[in-house]
Amino acid sequence: MDRRKKKQIIFAVICLAAAVVITAIFYNPFGGVGSGLKKPVQMRCVKCGAGFEISSKQYEKQMTEKGAIGPKGPTGPPPGLKCPQCGQEEAYTAVKCKKCGNVFFPDPAVYADFMDRCPECGYSAREEKYKLRQSGE
Ligand SMILES: [Zn+2]
Ligand SMILES: [Zn+2]
């Protein structure tokens, strides 16, 4: 496979992953409409590396204002949100490690490993879930 094609594929995968993340946040069929309890959205600033949380309501509002979410769902890759630390609009949805609290971006380009593996301590919530499912049967 030539380099350019590979890059294009990786880009496509990242866009897809971003769309999946947004879709999962807003249209999670397992969330239950009745519960009313939406998880906060974990964000990370690519400029200064600050990690922070906003409510999913706030996230939804900001994404709608930026035109990234239409009546039918996500319309494109999510734009950056304003970082409370440095004030730049460079914060994107990220994952917070349950073990060490490190906030990082999952890597959708990895397919031989779990994409939510923490680069600091190596913990992966998906891996744990997977292992639990394996041992539970
Ligand atoms: Zn920042
Ligand atoms: Zn960690």
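The values are calculated or read from the model by the stated rules, or taken from the named source; none is laboratory data. Note that the coordinates shown come from a computational prediction; the quantities given were computed from them, not determined experimentally. Here the Cβ is made from the backbone with ideal geometry for all residues, glycine too, and neighbour counts use every protein chain on show.
Output the residues belonging to segment 65-101 that are in contact with a helix residue (DSSP H, G or I) (Cβ under 7 Å, 6 or more places away or on another chain) and either of a type in the set (Asp, Glu) or closer than 30 Å to GLU127 by Cα (or both). Passing the criteria: GLY73, PRO74, PRO77, PRO78, LEU81, THR93, LYS98. The set of residues in segment 105-132 being touching a residue at least 24 places away in the same chain (Cβ under 8 Å) and near ligand 2 (Cβ under 8 Å from one of its atoms) consists of CYS121, TYR123. No other residue among ASP107, ASP116 is at pLDDT below 90 and of a type in the set (Asp, Glu) apart from ASP107.
Inspection of segment 34-42 finds a residue satisfying the criterion of being modelled with pLDDT under 85, surrounded by 12 or more Cβ atoms within 10 Å (Cβ to Cβ), within 18 Å of the chain's Cα centre (by Cα) and within 25 Å of ALA125 (Cα to Cα). Can you confirm whether PRO84 is within 21 Å of ILE14 (Cβ to Cβ) and in a loop (DSSP other than H, G, I, E, B)? So PRO84 fails the test. Taking segment 122-137 as the range and being loosely packed, with under 13 Cβ neighbours inside 10 Å and part of a loop (DSSP other than H, G, I, E, B) as the test, the residues that pass are GLY122, GLY136, GLU137. The C-beta contact set for segment 32-44 (first residue in a loop (DSSP other than H, G, I, E, B), second residue modelled with pLDDT of 50 or more, distance under 6 angstrom, 6+ apart or interchain) comprises LYS38/SER56; PRO40/GLU53; PRO40/SER55.
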